[in-house]
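This report concerns only the one structure given below.
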Amino acid sequence: MIIKSVSNQNYKLINKLKNKKYREKENLFIIESRKLVDEAISSSANIDFIFLRSDVSYETNLKSLVFDKALFNKLTMLKSSDGIGAVIRKPVPKKISSKKVLLLDSINDPGNIGTMIRSAEAFGFNDIILSPDCVDIYNEKALRASMGSVFRLNIVKLTYDEIASFKDSYKFLAADMSGLDIREYKSDSNIILAIGNEANGLGKEVRSLTDTFVKIPMEGDIESLNAAIAASIIMNRLM
């Protein structure tokens with residue numbers, strides 16, 4: 001059956017999930033594109049249903065809904081959609097247990113946070129802590145930038161008091177232009193690497209927890225790097 005009415009309950013649900021407050025209320029989020037849906041399935045994400053444009057086919061045993069072209073085009077958030085999306089249940093956060101943890105402090109840009117999540121998987125940071133005011137990782141731009149890594153990593157949003165509780169078992173490392181050359185840092189066994197806000201850097205709460213500040217050496221007249229690039233370089237150095 002092809003869905004053609006804006007009164008359809010699933011159509012209404014998908015539209016509401018474009019809003020962060022509703023995503024938080026329902027513990028659901030949307031992904032779009034064949035690649036992301038494939039990644040979600042291969043990563044055993046908890047998929048409620050797949051939704052398709054009526055001119056697109058996708059072989060799956062999962063529940064699938066088909067919307068006519070006009071209705072699907074009202075749903076999609078992409079300029080050039082391939083006609084495939086899914087509604088996914090948010091994973092339940094697990095206990096932080098990795099030796100290397102990435103802490104993102106007040107990251108505002110969804111593209112940056114998605115890229116950092118992708119790099120974290122590439123460089124073995126399987127646990128990620130988000131400070132209370134980080135941008136929503138289930139934002140459409142963040143999900144696309146993460147390229148599926150969001151399905152495979154343990155990502156937990158914590159208060160600053162909860163973050164501080166890790167001081168007993170982890171050394172806190174943070175990126176800062178005045179810090180130690182990252183090439184000279186001798187890695188500890190258990191580390192939490194903190195990356196601060198794109199414009200303002202680390203907040204006072206995380207700065208006060210930091211044991212060692214590190215920087216990336218640079219040449220030329222460059223004053224700083226994009227937060228996602230800096231995080232990726234430092235994580236690679238800590239492998």
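Per DSSP H run of n ≥ 4, the term is -39500 (n - 2.57); total these for the chain, divide by its residue number, and report the mean residue ellipticity at 222 nm rounded to 500 deg cm²/dmol. Write out the running numbers ahead of the final one.
Values: 9 runs with 73 residues, N = 239.
The per-residue figure over the chain is -8000 deg cm²/dmol.
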Sequence-distant lysines (8 or more away, or on other chains) whose Cα lies within less than 28 Å of residue 16: 4, 25, 35, 63, 69, 74, 79, 90, 94, 141, 157
Residues of the range 75-97 with amide N under 20 Å of a point placed 7 Å along Cα→Cβ from residue 48: 75-78, 83-93
Under-5 Å amide H pairs with residue 106, H placed in peptide plane, nonlocal only: 131, 133, 134
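Ignoring ligands, DNA and RNA, please state the percent of accessible area on the chain from carbon and sulfur, probe 1.4 Å. Show your work: numbers first, answer last.
Values: 5770 of 12280 Å².
Answer for the chain: carbon and sulfur cover 47 percent of the accessible area.
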Ranked packing of 12-24, 135-147, most packed first, by mean Cβ within 10 Å: 135-147, 12-24
[x] 62, 40, 28; [y] 88, 46, 37; [z] 52, 41, 40, with the label sought being that of the calculated Cα extents along the principal axes in Å: [x]
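State in Å² the accessible area per residue of the chain; use a 1.4 Å probe, count heavy atoms of protein chains only, and round to the nearest integer.
On a per-residue basis, the chain sits at 51 Å².
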Selected from 193, 71, 202 as most flexible by GNM, with the chain as the system and alpha-carbon contacts under 10 Å: 71
Charge dipole magnitude, Cβ of K and R +1, D and E -1 - the range 152-227, Cα centre, debye nearest 20: 280
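The values are calculated or read from the model by the stated rules, or taken from the named source; none is laboratory data. Keep in mind the model is a prediction, meaning the values are calculated, not measured. Here the Cβ is made from the backbone with ideal geometry for all residues, glycine too, and neighbour counts use every protein chain on show. Accessible surface areas use protein heavy atoms only, side chains included; no ligands, DNA or RNA. Shrake-Rupley method; radii C 1.70, N 1.55, O 1.52, S 1.80 Å.
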